[in-house]
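The structure appears below as structure tokens.
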Amino acid sequence: MFIYDFEKPIYEIEEEIENLRQMALNSSIDVHEEIEALERKKNEIIREEFKNLSIDKVIKIARHPNRPYTLDFVNFIVKDFVEVHGDRLFADDKAIVAGFGYIDKYKVAVIGHQKGRNTKENLYRNFGMANPEGYRKSQRVMKLAEKFNLPIITFVDTPGAYPGIGAEERGQSEAIARNLYIMSGLKVPTICIITGEGGSGGALALAIGDKVAMLQFAIYGVISPEGCSSILWRDGNHVVEAAKAMHVTAKDLYDLKVIDDIIEEPLGGAHRNPQATANAIKNYIVENLKELTRNNPRKLLDKRWEKWRAMTTNFL
């Protein structure tokens with residue numbers, strides 16, 4: 001289990017609680033009151049720590065290795081999921097998961113970035129950085145969803161699109177641009193959720209929707225804070241300043257009207273209770289699909305145009 005330094009006091013108390021429970025199992029000593037007191041202390045520490053989380057800690061939480069990824073959400077909230085592989089042009093990109101299933105009563109298409117939990121998995125998933133074939137696979141699924149009138153749900157969690165020579169040779173920028181073009185004109189409801197880190201065009205390629213939400217401790221920006229620091233300051237020691245300047249947190253982006261909603265995370269962050277996080281996301285999706293599915297395609301397109309046009313106008 002991966003633990004950041006500022007999380008250690010929480011896990012130390014949890015260890016104490018577990019030791020007391022084991023002691024109670026092996027003896028007749030009643031430790032009920034002691035456990036309750038430690039639980040209260042733990043929750044108080046979490047609330048105090050996460051009440052006004054500094055931006056460097058928000059970035060760490062957004063990238064937490066134990067944070068739930070697309071396949072976790074699929075396992076928790078999507079029934080009868082059938083994954084689609086390949087872009088019918090070059091290969092199957094493991095950094096993007098795409099397929100069809102049911103969320104509540106709604107049959108939907110699900111597309112999302114997928115990272116790994118360890119080095120082996122991250123190499124397999126390319127650290128969640130998609131190649132052109134990943135975006136073309138998502139285009140294939142989007143067009144199928146539109147053909148069969150299915151809503152589209154996307155989960156965004158990537159440092160950015162893969163910047164390798166091969167990706168550029170196979171048309172990385174064109175693939176991303178075409179995603180933006182296709183998503184702008186889809187005639188079915190589209191809900192996009194930034195679940196971890198949303199970096200650059202690689203994130204935006206799956207984030208043009210009728211509703212765009214962020215998990216409470218996710219981040220979203222035109223470039224990673226480290227990348228911004230290296231460009232503007234010529235070194236990587238200004239990550240916090242860069243993140244503040246770019247307004248990458250969910251609250252900042254909600255205030256700027258870049259996103260529509262913030263989905264609250266469980267106490268201590270999504271990685272401490274992935275099931276509760278998935279349930280909150282499911283409730284958000286279902287509530288919005290109730291509204292969005294009432295609109296005919298023309299109304300959906302008009303509203304989407306107004307939403308994104310207004311955002312552009314606000315920043316000009």
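The values are calculated or read from the model by the stated rules, or taken from the named source; none is laboratory data. The structure presented is a predicted model; accordingly, all values stated were derived computationally and were not measured. Virtual Cβ from ideal backbone geometry, glycine too; neighbours counted across all protein chains shown.
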Only listed residue being surrounded by fewer than 19 Cβ atoms within 10 Å (Cβ to Cβ) and under 19 Å from residue 50 (Cβ atoms), chosen from 215, 267:
267
Residue count for the stretch 55-88, restricted to those that are free of Cβ contacts under 8 Å to residues at least 40 places away in the same chain and assigned to a loop (DSSP other than H, G, I, E, B)
1
Over the stretch 205-221, the set of residues under 13 Å from residue 176 (Cβ atoms) and touching a helix residue (DSSP H, G or I) at 6+ places or on another chain (Cβ under 7 Å) is 205, 206, 208
Out of all the residues in the stretch 118-128, is one or more touching an Asp or Glu at 6+ places or on another chain (Cβ under 7 Å) and closer than 24 Å to residue 196 by Cβ?
yes
Would you mind stating whether residue 94 is over 30 Å from residue 162 (Cα atoms), within 21 Å of the chain's Cα centre (by Cα) and in the same structural domain as residue 247 (by TED's automatic domain parsing)?
no
So residue 241 passes all but one of these: (1) in contact with a helix residue (DSSP H, G or I) (Cβ under 8 Å, 6 or more places away or on another chain); (2) part of a helix (DSSP H, G or I); (3) buried (at least 16 other Cβ atoms within 10 Å of the Cβ). Which condition number does it fail?
(3)
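Being among the charged types (D, E, K, R) and modelled with pLDDT of 95 or more is the filter; apply it to the stretch 68-92 and report the residue that is farthest from residue 279 (Cα to Cα).
The extreme case among them is 92.
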When (1) surrounded by fewer than 22 Cβ atoms within 10 Å (Cβ to Cβ); (2) of a type in the set (Val, Ile, Thr); (3) in contact with a strand residue (DSSP E or B) (Cβ under 8 Å, 6 or more places away or on another chain); (4) not in a strand (DSSP E or B) are applied to residue 277, the one that fails is (1)
